[in-house]
Amino acid sequence: MALADAATPDEAAETSAPGELEARLRQRMERLYPLCRSLTGDGVRQTLAILAEDLPLDVRRVPSGSSVFDWTIPPEWSARAAWIADATTGERLVDFAHHTLHLVSYSAPFSGRLDRTELEPHLHSLPDRPEWIPYRTSYYARDWGFCLSQRQRDALGDGPFDVVVDTTLTEGADGGELVYGEVLLPGTEADAGEVLISSHLCHPSLANDNLSGLAVATELARRIGGRRHRLTYRFVFAPGTIGSLTWLAEHPEVRPAHVLVLTGLGGGGPLVYKRTRRGAAPIDRAAEHVVGRRNGRIIDYSPYGYDERQYNALGFDLPAGRLTRTPHGEYPEYHTSADDLGFVRDDELVEAMTAIEEILEVLEGDAAYRNLSPYGEPQLGKRGLYPKMGGRSADDAVMAMLWLMACSDGDTSVLSIADRAGLPFGVLRKAADDLLGAGLLG
Ligand code: ZN
């Protein structure tokens, strides 16, 4: 068994000083937060450069204008500056330099003097959340716009305004590309299968919706890279929809056995696992065990959400589950400036990471065994497997052995026995190793 010599997540965790993990996750989010990410452009390149400081990241580039299934890679968008100024005083009333959310993503270049009526169709605010700036995109319709708090909007006055949107949309002979990052960590068993972990990186200064997934996935990749693992791991950091489709187009030969989409891992609420389209894949059973034991929610597949939509699409038919906390659209801070660094707590990220490592522990270590001493209960004591002192009740380790001996018929997996026993997979896995060592399971 390769399992016996694979380090467990607990062993890796023991090498971290207290608080070190929280600090690493937090620092990564703080550095990524100010960058103006979008589907393409320097913000994505800078984000990948930061992730590459910790990972053997392969940055892939695909020219704008390339066809990807039913889509086309958009022009590369660069935003240098954008503001609305009072034309009389020159005072900048709304300025992209103050918050990346102020500029509608993919705004086309514009410069001109406008009165309030002309400006109004280009403004976006949230009347019911007067202090928050909304997040808006205009990827496929050529337009420009500003997002601002309702309070700012109310104070704008009648104008005239000098409006500058200093952006470029580049494609064709001028260049322009989509970039994404990929990390490949080959396992010790070449044919054991592959786990694909995917996080989108196309949102600007939004912490829960994109940075929480990026921070956790990066840390996971770093930790997995530092230990032995049976399965191969592949991490994809790509813009939503067009990025995952580009990865799929470029890797037709890769058929991951398990796909997990990560985002929205902070922001309150319990962990929420969204099942794969087929709904009974090994990743579903592993995640339901782990998230269920943590009092999380399990929700069924729906064709709306993040990149699980692309991986699960019929043409690819990959088993992609998704882990978040409160799903997108179900919390008021979603796609607003209130999804900031304070909205994501360190302990939420750490719990999410622990849960994912437990899910991976199941994928690494689940197996079915056969009881080699099936005629009644074997005497565990004479093999040193039973506590010397009899007590009032059996502890988890003993119960795990009894359950394994009771149910290991060659077909029933350790995970399904763990579910039936109501015990964590890790306890069953350890007990299975002890019984294998004693020659009671085979
Ligand atoms: Zn989003």
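The values are calculated or read from the model by the stated rules, or taken from the named source; none is laboratory data. What you are looking at is a predicted structure, and each value in this text was computed from that prediction instead of being measured. Glycine gets a Cβ as well: all are built from the backbone with ideal geometry, and neighbour counts include every protein chain shown. What goes into the accessible areas is simple: the full protein's heavy atoms, side chains included, and nothing from ligands, DNA or RNA. Shrake-Rupley method; radii C 1.70, N 1.55, O 1.52, S 1.80 Å.
If I ask for residues that are open to solvent by 10 Å² or more (accessible area, probe 1.4 Å) and either among the basic types (Lys, Arg) or within 16 Å of the ligand (Cβ to nearest atom) (or both), which ones from region 201-230 would you list?
203, 222, 223, 227, 228, 230
Among the strands (runs of 3 or more DSSP E) contained in region 176-251, which hold 2 or more residues that are under 11 Å from the mean Cα position of the chain (by Cα)? Can you show your working first?
On the way: elements: 177-185, 194-200, 232-238.
In region 176-251, the matching strands (runs of 3 or more DSSP E) lie at 194-200, 232-238.
Could we say that residue 266 is within 16 Å of the ligand (Cβ to nearest atom) and without any contact (Cβ under 8 Å) to a residue 40 or more places away in the chain here?
For residue 266, the condition - within 16 Å of the ligand (Cβ to nearest atom) and without any contact (Cβ under 8 Å) to a residue 40 or more places away in the chain - is not met.
Consider region 231-241. How many of its residues are surrounded by fewer than 24 Cβ atoms within 10 Å (Cβ to Cβ) and over 14 Å from residue 196 (Cα atoms)?
The qualifying residues number 2.
Provide a single number: the residues in region 284-311 that are more than 15 Å from residue 359 (Cα to Cα) and small (Gly, Ala, Ser).
2
Every residue in region 32-49 that is assigned to a helix (DSSP H, G or I) and surrounded by 15 or more Cβ atoms within 10 Å (Cβ to Cβ), please.
Hits for region 32-49 are 32, 42, 43, 44, 45, 46, 47, 48.
Could you tell me which of the residues 172, 176 is away from the ligand (no atom under 16 Å from the Cβ), out of contact with any Asp or Glu (no Cβ under 8 Å at 6 or more places or on another chain) and on the phi > 0 side of the Ramachandran plot?
On the way: 176 fails: out of contact with any Asp or Glu (no Cβ under 8 Å at 6 or more places or on another chain).
Just a single option satisfies the conditions, and that option is 172.
Can you find, within region 269-316, the residue that is farthest from the ligand (Cβ to nearest atom) among those that are farther than 30 Å from residue 338 by Cβ, open to solvent by 60 Å² or more (accessible area, probe 1.4 Å) and part of a loop (DSSP other than H, G, I, E, B)?
280
Hey, among the residues in region 322-346 that are in contact (Cβ under 8 Å) with a residue 60 or more places away in the chain and acidic (Asp, Glu), which one's surrounded by the most Cβ atoms within 10 Å (Cβ to Cβ)?
My answer is 339.
Checking the conditions here, which among 163, 104 is surrounded by 19 or more Cβ atoms within 10 Å (Cβ to Cβ) and over 20 Å from residue 42 (Cβ atoms)?
Going through 163, 104 in turn, just one is surrounded by 19 or more Cβ atoms within 10 Å (Cβ to Cβ) and over 20 Å from residue 42 (Cβ atoms): 163.
Which of the residues spanning region 252-263 are open to solvent by less than 60 Å² (accessible area, probe 1.4 Å), assigned to a loop (DSSP other than H, G, I, E, B) and either within 16 Å of the ligand (Cβ to nearest atom) or among the acidic types (Asp, Glu) (or both)?
263
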